[in-house]
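These notes are about the structure you will find just below.
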């Protein structure tokens, strides 16, 4: 999932070695949510591609709440500040009391849903102890919402992963959290904030779309129930200054139908099942690569 990390000049040889290693074990790799430069590399290895959606980027240098378009956002920020809600960025190690507070919020947010963990963040104390966490606190100093800040090891990009909030949290709490994170990262001189994917955004809906993209759209539309694709796009569009296309690549020896069903299964598999199959240490290791 995602682009390789490291020196871009090494990507070609690294991808080639990865494919050869996988094929020696009888596997056909699928590269999920990668950028256009990686598409061009993999195309040379005989891989076909389909667009999987678009990634929302916020230009932090030019981000501002001024102007008519941001009037609603200013109102939310003023309301939360007037009612004495506080935004903070906490650094590890976190005390057992803080972890218990975050765990309770996460469990309440999930309700009866199963935790997932392939392309979505999941709650794990070991994972959360590895990075800063942005929180919103109420007047009694209780955490009512949080998001962990993923290490990117660069000043070019900032992003978060796991986002959770209490049911009793006031409306607009996530807007307050996001905008506060934007301002925090802007002060840290980070160039842009990655809000993540809007799956199937502008994919397979045109009369001229590739048949593979239409198939992908239908499989994902009727197979995923975790979130609303349209609602996710609309929310991120409130802040996004740019949308960047992301692609899935698969071997020409594979069937697009088989590939999409496999992706759907792993993307919707509860984290408990993934732990049983691969182990929590393996999952955490991959999330930081």
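The values are calculated or read from the model by the stated rules, or taken from the named source; none is laboratory data. No experiment lies behind these values; they were computed from the predicted model shown. As a convention, Cβ positions derive from the backbone with ideal geometry for all residues, glycine included, and neighbour counts pool all protein chains shown.
Candidates in the stretch 56-81 are the residues that are under 21 Å from residue 243 (Cα atoms) and out of contact with any helix residue (DSSP H, G or I) (no Cβ under 8 Å at 6 or more places or on another chain); of these, the one that is modelled with the lowest pLDDT is 69. For the stretch 156-181, a residue qualifies if it is closer than 18 Å to residue 238 by Cβ, under 16 Å from the mean Cα position of the chain (by Cα), touching a residue at least 40 places away in the same chain (Cβ under 8 Å) and surrounded by fewer than 19 Cβ atoms within 10 Å (Cβ to Cβ), and exactly one does: 163.
Quick grid of which residues meet (1) more than 30 Å from residue 153 (Cα to Cα); (2) out of contact with any strand residue (DSSP E or B) (no Cβ under 8 Å at 6 or more places or on another chain); (3) surrounded by 18 or more Cβ atoms within 10 Å (Cβ to Cβ); (4) modelled with pLDDT of 70 or more:
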position	(1), (2), (3), (4)
190	no, no, yes, yes
218	yes, yes, no, no
245	no, no, no, yes
259	yes, no, yes, yes
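Take residue 122 and decide whether it is in contact with a helix residue (DSSP H, G or I) (Cβ under 8 Å, 6 or more places away or on another chain), part of a loop (DSSP other than H, G, I, E, B), farther than 14 Å from residue 93 by Cα and assigned by TED's automatic domain parsing to the domain that holds residue 93. So residue 122 fits the description; yes.
None of 27, 32 is surrounded by 11 or more Cβ atoms within 10 Å (Cβ to Cβ) and touching a residue at least 12 places away in the same chain (Cβ under 8 Å) except 32. Would you confirm whether any residue within the stretch 32-43 is at pLDDT below 95, part of a loop (DSSP other than H, G, I, E, B), within 21 Å of the chain's Cα centre (by Cα) and in the same structural domain as residue 145 (by TED's automatic domain parsing)? No, there is no match, as no residue in the stretch 32-43 is at pLDDT below 95, part of a loop (DSSP other than H, G, I, E, B), within 21 Å of the chain's Cα centre (by Cα) and in the same structural domain as residue 145 (by TED's automatic domain parsing). All of 113, 70 fail the test of being in the same structural domain as residue 151 (by TED's automatic domain parsing), assigned to a helix (DSSP H, G or I) and more than 19 Å from residue 143 (Cβ to Cβ), apart from 70.
Against the condition in the same structural domain as residue 254 (by TED's automatic domain parsing), in contact with a helix residue (DSSP H, G or I) (Cβ under 6 Å, 6 or more places away or on another chain) and in contact (Cβ under 8 Å) with a residue 40 or more places away in the chain, how does residue 15 come out, does it pass?
No.
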